[in-house]
Amino acid sequence: MDRKEFKLGLIGLGEMGKNLALNIGDHGFPVAVYNRTYAKTKQFMEDEVKGQAIQAVASLEELVKLMPRPRMVLLVVSSGPAIDNLIEELLPFLEPDDLIIDGGNTFFRDTDRRERTTAEKGVLYLGMGVSGGGFGARFGPSLMPGGSSKAYERVRPILEAISAKVDGDPCVTHLGPGSAGHYVKMVHNGIEYGLMQLIAEVYHLLKLGLGLNNDELHKVFSRWNQNKLNGYLMEITSRIFLKKDDQSSNRLIDQILDQAGQKGTGLWTSINALELQVPIPNIVLAEMMRDLSGQTEERQGINQIFHKSDRYLSKDREKVTAHLEQALYCGMILTFSQGLALLREASRTYKYDLVLQEVARIWRGGCIIRSALLEDIRSAYKKQPDLVHLLMDPNLAEKVRSSQKALRSAIKTAMGLNIPTPGLAASLAYFDSFCSPRLPTNLIQAQRDYFGAHTYQRIDRPGFFHGQWNRE
Ligand code: NDP
């Protein structure tokens, strides 16, 4: 193969890297690949490369030398220090105008720092979120690149070719400068946490509260997936119930421990939202429920004291199932609303200049949160690019208005059955709080002024006041 063809070098042949390499190769772009553990590279070349123009190399120096200038190096490795080390090792071989792309789940502040470091040598930098798991990486992910426009234009033909397509429209766009891409991916994952928590709660209610077996659960989720709840998470959920366990006579779902971990993006979203003072209760709650699920000693001890596992079944199967469909839909709209509200504020604070219509557009395909709802969200921002909050879009407002009663009913049913639904409850509390003409925060102002002289504001006069609370 002509060595001049290799404009792109890919580092990291883990789950995502190897699938991206094959995807890039399938689209006719020759790619040179390197992995720290060479045995993996060898195995990849032998077992998985089938005619694509993929060339394996054994060192970073070899990788860089194989490519003509300006070079593009795509990192698909574990986030954190591995990226810093690789940049440090690569920079001596790279020259001005070469480009490094970090395709991992990187904390956005690290991306800003690394862009500054590479810029000192004139090397361009893109931080790119990739969503869709291994399958998406192989056959079409949603790509969320951020950094300079010049860097994006360089790699754009490859990204557009390998990304997922919705009606021929590639699920990739230049999101903004600096860490815009990794920020959007972080919030994507935060929304993913929120949606998964809601789906899990509804599963719990259907199973424990209505007594549905796995076949029935499959049918309900499949049916819901045909309608307005259509989306990737619904699709895989419906399939999960059918999977047989190969080590017992049960379905696999019933053999899986009820503890969920996380790798950081949900936590970063939650911390950053608190810093930016944007309420995202569904996402924070989802993060906390995963933490709670892992507290086995506490769960066992407290359960023994309160014996809360006594359950009885609701007799209103059809009615409750119908409520749950609406409740889930309402909760999902409210979860997306929180994530998009965070993006809006982050765009202002970090000067990303995000076009939220574009964010919704590239999330419609390839990624984990792809769903029919994103078409509504996209058209909301298309009609009104400066929309203050998604609930102020007439179409989405109507959808929430018509489903919020069912959300209320579903929560009441769950409470009556002793089944925790904190995500559904957080959705409703978020909605009710925004709808309240007056919140009880006047009392909080009064308390703060009482004990700490923090002053309060009045409804009838501007300014800050301090009350003499101990006087009559
Ligand atoms: P894997 O665990 O499958 O692979 C990790 C890769 O990173 C391996 O190639 C490994 O090399 C390499 N690596 C780790 N540490 C170093 C280091 N210090 N120096 C050089 N190479 C190193 O990870 P994934 O492919 O799943 O993930 C890659 C990135 O993509 C991560 O940032 C992840 O968060 C992100 N991501 C993952 C998704 C998924 O569904 N898996 C979805 C979206 C994003 P070696 O073989 O030598 O160990």
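In a simple Cβ point-charge model (Lys, Arg +1; Asp, Glu -1; nothing else charged), the stretch 140-181 has a dipole of about 180 debye relative to its Cα centre. Take the Cα of residue 15, step 7 Å toward its Cβ, do the same at residue 459, and the gap between the two points is 5.3 nm.
Using the alpha-carbon centroid of each, what span in Å lies between the stretch 190-206 and the stretch 337-372? Centre-to-centre distance over Cα atoms comes out at 20 Å. Would the stretch 366-472 count as rounded, prolate or oblate if I go by the C-alpha gyration tensor, calling it rounded below 1.5 in a/c and otherwise prolate when a/b exceeds b/c, oblate otherwise? Since a/c reaches 1.5 but b/c is at least a/b, the shape of the stretch 366-472 is classed as oblate. Below 11 angstrom from the Cβ of residue 154, what's the summed charge of the other residues (Lys, Arg +1; Asp, Glu -1)? So the environment of residue 154 carries a net charge of +1. Between residue 271 and residue 256, the simple label model (points 7 Å from Cα in the Cβ direction) yields a spacing of 2.7 nm.
Between the alpha-carbon centres of the stretch 1-67 and the stretch 166-181 there is a gap of 24 Å. In debye, nearest 20: dipole of the stretch 426-472 around its Cα centre with unit charges on the Cβ of K, R (+) and D, E (-)? Its charge dipole is roughly 100 debye. When a/c reaches 1.5 or more, the comparison of a/b and b/c decides; with that in mind, is the stretch 32-86 rounded, prolate or oblate per its Cα gyration tensor? Verdict is oblate for the stretch 32-86. When the Cα centres of the stretch 275-300 and the stretch 72-120 are compared, how far apart do they sit, in Å? The stretch 275-300 and the stretch 72-120 have Cα centres separated by 32 Å. Note on residue 34: accessible area is roughly 30 Å² with a 1.4 Å probe, heavy atoms of protein only. Listed by chain and number, the aspartates and glutamates placed with their C-alpha closer than 20 angstrom to that of residue 412 are 201, 310, 316, 318, 325, 432; residues fewer than eight positions away on the same chain are left out.
Relative to its Kirkwood radius, the Cα radius of gyration of the stretch 238-301 gives an Rg/Rh of 1.14. When the charge dipole of the chain is built from unit charges on Cβ atoms (+1 for Lys and Arg, -1 for Asp and Glu) and taken about the Cα centre, the candidate among 292, 58, 107 whose Cα reaches farthest toward its positive end is 292.
Sorting 171-178, 208-215, 417-424, 381-388 by average packing, meaning the other beta carbons within 10 Å per residue, from highest down gives 171-178, 417-424, 208-215, 381-388.
Applying 0.36 nm per residue to the separation of residue 39 and residue 227 and subtracting their alpha-carbon distance, the gain on full extension is 63.0 nm.
Ranking 272, 35, 371 by Cα position along the charge dipole of the chain, where only Lys, Arg, Asp and Glu carry charges on their C-beta atoms, puts 371 farthest toward the positive end. When both bridge partners sit in the chain, DSSP labels roughly 35% of those beta bridges antiparallel.
Around the Cα centre of the chain, unit charges on the Cβ atoms of Lys, Arg, Asp and Glu (plus for the first two, minus for the last two) sum to a dipole of about 900 debye. Applying 1/(1 + (r/R0)^6) with R0 = 35 Å to the Cβ-Cβ distance of residue 5 and residue 149 gives a FRET efficiency near 0.85.
At a probe radius of 1.4 angstrom, the accessible area of the stretch 1-108 per residue rounds to 44 square angstrom.
In the complete set of protein chains, residue-level accessible area for residue 38 is approximately 100 Å², probe 1.4 angstrom. Here's the picture: a label point sits 7 Å out from the Cα of residue 466 along the beta-carbon direction, and within the stretch 410-445 the residues with their amide nitrogen under 18 Å of it are 445. Here the stretch 47-186 carries DSSP beta bridges of which approximately 45% are antiparallel, counting only pairs with both residues inside.
How much of the accessible area of the chain, probe 1.4 Å, is carbon plus sulfur, in whole percent? So the carbon and sulfur contribution to the accessible surface is 53 percent.
Considering the zone a paramagnetic label at residue 288 would reach in this model (a point 7 Å from Cα along the Cα-to-Cβ line), which residues of the stretch 429-454 have amide N under 17 Å from it? Under 17 Å, as judged by backbone N against the label point of residue 288, lie 429-433 of the stretch 429-454. State whether the stretch 267-394 is rounded, prolate or oblate according to the following rule on the C-alpha gyration tensor (a ≥ b ≥ c being the square roots of its eigenvalues): a/c under 1.5 gives rounded; otherwise a/b larger than b/c gives prolate, and the remaining case gives oblate. Note, shape of the stretch 267-394 comes out oblate. Cross-link check: pairs 18/243; 18/219; 150/383; 165/383; 50/121 evaluated at a Cα-Cα cut-off of 32 Å; pairs beyond the cut-off: 18/219; 50/121. Straightening the chain between residue 296 and residue 438 buys 47.1 nm, computed as 0.36 nm per residue apart minus the Cα-Cα spacing. Extending 7 Å from Cα along the Cβ direction at residue 392 and again at residue 242 yields two label points whose distance is 4.5 nm. The residue list 96, 385, 402 was ranked by how far each Cα lies along the charge dipole of the chain toward its positive end, using unit charges on Cβ atoms, and 402 comes out on top. As a length-normalised measure over Cα pairs under 8 Å and 6 or more apart, the relative contact order of the chain settles at 13 percent. The sum of -39500 (n - 2.57) across all DSSP H runs of n ≥ 4, divided by the residue count of the chain, sets its helix-only mean residue ellipticity at 222 nm to -17500 deg cm²/dmol.
The values are calculated or read from the model by the stated rules, or taken from the named source; none is laboratory data. As the structure is a prediction and not an experimental result, all values here were calculated from the model. Cβ coordinates were reconstructed from backbone atoms using ideal geometry, including for glycine residues, and neighbour counts include every protein chain displayed. Note: areas computed on protein heavy atoms with side chains; ligands, DNA, RNA excluded. Shrake-Rupley method; radii C 1.70, N 1.55, O 1.52, S 1.80 Å.
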